[in-house]
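All remarks here apply to the structure that follows.
The values are calculated or read from the model by the stated rules, or taken from the named source; none is laboratory data. Quick caveat: nothing in here was measured; it's all calculated off a predicted structure. Positions of Cβ are generated from backbone atoms using ideal geometry, with glycine treated the same way; all protein chains shown enter the neighbour counts. Heavy atoms of the whole protein, side chains included, go into the accessibility calculation; ligands, DNA and RNA do not. Shrake-Rupley method; radii C 1.70, N 1.55, O 1.52, S 1.80 Å.
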Amino acid sequence: MEDMSRYPLQLEGADVPMVSFKNVTKAYGSLTVLENLDLDIREGEMVSVIGPSGSGKTTVLRMLMLERIQQGVIYVNGKPITHMEKNGGLVPADDKYLRKAREPIGMCFQHFNLFPHMTALQNCMEGPVQVLGMSKRAARERSEDLLELVGMIDKKDQHPSRLSGGQQQRVAIARALAMRPKVMLFDEVTSALDPEVIGEVTNVIKKLVAEHNLTMLMVTHQMGFAKDISDRVCFFFGGKIEEQGPPEQLFDHPQKERTQQFLSAVKSAD
Amino acid sequence: MSYWEFLVEQGPRFVDGALITAVQFALAAVLAIAIALLAGLMKLSSNPLIKGSAVIYIELFRGTSLLVQLYWIFFVLPLFGLTLEKFTAGFVAVGMNLGAYGAELVRGGIQSVPRGQWEAAYSLSMSPAKRMWRIILPQALLNMLPPWGNLLIELLKGTALVSLISVADLMFEAKQINGSTYLSAQTFGTALIIYYLFARVLVTPFMRWLEQVMLRKLGRTE
Ligand SMILES: Nc1ncnc2c1ncn2[C@@H]1O[C@H](COP(=O)(O)OP(=O)(O)OP(=O)(O)O)[C@@H](O)[C@H]1O
Ligand SMILES: [Mg+2]
């Protein structure tokens, strides 16, 4: 068992990060995927995660939203989400605590994962009505505003099966936003899309960056897009952050050899 | 006597029997669906006690014959102080038996819903119960409908056994008619046709209709 006393019960101070990974290790069975990860994300910051396949990019997001970790603590807004307080110490969170603690986080997936038996509007209203307990009317209003934001208001009564990939992904973004998250996670949200519709999704994300004070963590293979909109880019290699920095620095003047190799390999593939 | 005369004469008894069969079928189906849902969900539980009792139930009722189960419920349970009327014992036995088969369909249907749906529901912070009822089960149901159609027809055929504890269903009436007229071909031929029509004119089209309704809900029909 790990000695938990080295982790504070709560992060305090003037500049508490919105998301904070402290010494986090994630393993699937005997396979350690991420090791001793330390990563802080400021409120309102847009951080892109890049790296070769299997380097643990998706796992970083999934630890925030879907997976349990083997070591370390993750804090959101200063509060631990992976652990809860008991007798003045931290113990692994139970399911209920974990779910509640993750409420300020929203996630969008590579394959959209819209609910097929609900229309676009119903997809967006589901969380506000069923989880936040909002009235149908208020939830509808909020959802329609968000569908407007992502440019899908004219398709609000369509089921996902009638929407293109780009349209589905925009609805999925609206659905996540309807929960009013503080943190948004995007896992390769354009990878399953045809090239000609990628722009409609990236434009929505650009709009979010420009107009909303969301903290975002985005895994992407689109280097140009990451360079455009990120405050910081993290290059993952073998379950560790090999190099990170502002996009201009990381893309134009990478310091580490592995970063250089990866970037030139990506460039020549384009 | 022509077949027509036979029908006119025995018609009311066939109708009476068919009605009882219909009621037995409906009650057994409701029970089977409820048990299937319960046992199917329990079998997916992470609690070994809950899961274990579902496994035992399913094994027990699938691994032994419906007729023996019927006799147990009607003749043996009273020895332990639980007496059921024959009518009740009939549909309870059929419902419990087919419910065990249905539980496997429910389990399979739920497991066939893609992981991403669970994850999306979880990422909206939905409680486990809401995830199941609102997101997973409706999709599982659609996957399950075709095999449920077959199961309900099995259930219909299974109800014929209740005649053996003297519930006056179609089979029971047919045996009575045969005993008094000795017109076996006409009697059991008629029963055969009624069972067949029941399955093909009521059950199958109903399931098709249900599937269409579900598909429409998914926006998948043209
Ligand atoms: N559920 C799982 N069970 C076992 N191993 C897993 C599981 N999920 C991921 N892994 C392993 O963890 C490692 C990191 O996976 P991850 O999905 O985070 O990579 P990634 O950087 O997102 O890759 P990609 O670019 O291909 O999406 C891989 O070796 C992968 O095989
Ligand atoms: Mg990935």
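Here the spin labels are modelled as points 7 Å beyond Cα on the Cα-Cβ line, and at B:L84 and B:S180 they lie 3.0 nm apart.
For the chain pair A and B, the buried solvent-accessible surface (1.4 Å probe, both sides summed) amounts to about 2200 Å².
Count charges around B:L210 for me, please; just the other residues with Cβ under 12 Å from its Cβ, Lys/Arg as +1, Asp/Glu as -1.
Working: positive: B:R208, B:R216, B:K217; negative: B:E211.
In short, +2.
Taking Cα centre as origin and charging only the Cβ of basic (Lys, Arg, +1) and acidic (Asp, Glu, -1) residues, the dipole magnitude of the protein assembly as shown rounds to 740 debye.
Against the empirical 2.2 N^0.38 Å scaling, what ratio does the C-alpha Rg of segment B:40-115 come to?
Details: Rg = 14.6 Å, N = 76, 2.2 N^0.38 = 11.4 Å.
With N residues counted in segment B:40-115, Rg over 2.2 N^0.38 Å equals 1.28.
Mean per-residue shielding of peptide A:123-131 is 4, counting Cβ atoms of other chains within 10 Å of each Cβ. Remark: spin-label model distance A:S53-B:A26 equals 5.7 nm, labels positioned 7 Å along the Cα→Cβ axis.
Tell me the carbon and sulfur percent of the accessible area for the protein assembly as shown, rounded to whole percent, probe radius 1.4 Å.
Numbers: 13350 of 23570 Å².
Summing carbon and sulfur atoms, their accessible area is 57 percent of the total for the protein assembly as shown.
Working note: Karplus 6.51/-1.76/1.60 with θ = phi - 60° gives segment B:4-14 the couplings 5, 4, 4, 5, 4, 5, 9, x, x, 6, 4 Hz, where Gly and Pro are set to x.
Taking the Cβ of B:V106 as the center, what net charge do the other residues with Cβ under 15 Å away carry, scoring Lys and Arg +1 and Asp and Glu -1?
On the way: positive: B:K43, B:K51, B:R62, B:R107; negative: B:E104.
Result for the neighbourhood of B:V106: +3.
Coupling constants for segment B:43-49 follow from the phi torsions by the Karplus curve (6.51 cos²θ - 1.76 cosθ + 1.60, θ = phi - 60°), and in residue order they are 5, 8, 5, 8, 6, x, 5 Hz; glycine and proline get x. Rounded to the nearest whole Hz, the Karplus-based 3J(HN,Hα) values (6.51 cos²θ - 1.76 cosθ + 1.60, θ = phi - 60°) of segment A:86-95 follow the sequence 8, 6, x, x, 9, 10, x, 5, 7, 4, with x at glycine and proline.
Candidate cross-link partners of A:K206 among the aspartates and glutamates, defined by an alpha-carbon separation under 12 Å and a same-chain spacing of 8 or more, comprise A:D228.
Based on the inverse mean of 1/r over its pairs of different Cα atoms, what is the Kirkwood hydrodynamic radius of segment B:3-217, in Å?
Mean inverse Cα-Cα distance, inverted, gives 19.0 Å.
Express in % the proportion of alpha carbon pairs of segment A:114-180 at distances exceeding 16 Å. All intermediate terms of the calculation are to be shown ahead of the outcome.
Numbers: 721 of 2211 pairs.
Beyond 16 Å sits 33 percent of the P(r) for segment A:114-180.
Here segment B:3-217 is assigned +1 on the Cβ of each Lys and Arg and -1 on the Cβ of each Asp and Glu. Its dipole about the Cα centre then comes out at about 920 debye.
With chain B treated as a Gaussian network of Cα nodes joined by springs under 10 Å, which of B:L38, B:L77, B:L98 yields the largest mean-square fluctuation? So, out of B:L38, B:L77, B:L98, the one fluctuating most is B:L77. Of the listed residues A:H83, A:H212, the order by accessible area with a 1.4 Å probe, largest first, is A:H212, A:H83.
Averaging 1/r over each pair of different alpha-carbon atoms in segment B:69-172 and inverting the result gives 16.0 Å, the Kirkwood hydrodynamic radius.
Per residue of A:109-118, other chain Cβ atoms within 10 Å of the residue Cβ number 6 on average.
Can you tell me the accessible area per residue over segment A:107-163, all protein chains present, probe 1.4 angstrom, in square angstrom?
Working: 2510 Å² over 57 residues.
Per residue, segment A:107-163 has an accessible area of 44 Å².
Residues within the reach of a label modelled at B:V213 (point 7 angstrom out along Cα to beta-carbon, backbone nitrogen below 16 Å), restricted to segment B:182-202, are B:202. For the residue pairs A:K96/B:K130; A:K26/B:K51; A:K57/A:K156; A:K79/A:K136; B:K157/B:K217, the alpha carbons lie more than 24 Å apart in A:K26/B:K51; A:K57/A:K156; A:K79/A:K136; B:K157/B:K217.
Comparing mean-square fluctuations of A:N77, A:N203, A:N87 from a GNM of chain A with C-alpha springs under 10 Å, the top value falls on A:N87. When segment B:3-217 is described by a simple charge dipole with +1 on each Lys and Arg Cβ and -1 on each Asp and Glu Cβ, the residue from B:Y196, B:T64, B:L164 located farthest towards its positive end is B:T64.
Residues of segment A:159-197 that bury at least 50 Å² of accessible area when the other protein chains are present, relative to the chain alone (probe 1.4 Å, heavy atoms, ligands and nucleic acids excluded): A:R162.
If you average 1/r over all unlike Cα pairs in segment B:158-222 and invert the result, what Kirkwood radius do you get in angstrom? List each step's numbers first, then the result.
Details: mean 1/r = 0.0713 Å⁻¹.
Final number for the Kirkwood radius of segment B:158-222 is 14.0 Å.
Under a 5 Å amide H cut-off, with hydrogens placed 1.01 Å from N, A:G72 pairs with A:T25 among residues at least 5 apart or on other chains. Neighbours of A:M134, meaning other residues whose beta-carbon lies under 10 angstrom from its beta-carbon, give a summed charge of +3 when Lys and Arg score +1 and Asp and Glu score -1. Candidate cross-link partners of A:K86 among the aspartates and glutamates, defined by an alpha-carbon separation under 17 Å and a same-chain spacing of 8 or more, comprise A:E2, A:D3, A:D94, A:D95. Once both labels are positioned 7 Å from their Cα atoms along Cα-to-Cβ, the gap between A:R180 and A:L9 label points is 2.8 nm. How large is the translational diffusion coefficient of the protein assembly as shown in µm² per second when you combine the Kirkwood radius over alpha carbon pairs with Stokes-Einstein at 10 °C and 1.306 mPa s? Approximately 60 µm²/s, per Stokes-Einstein.
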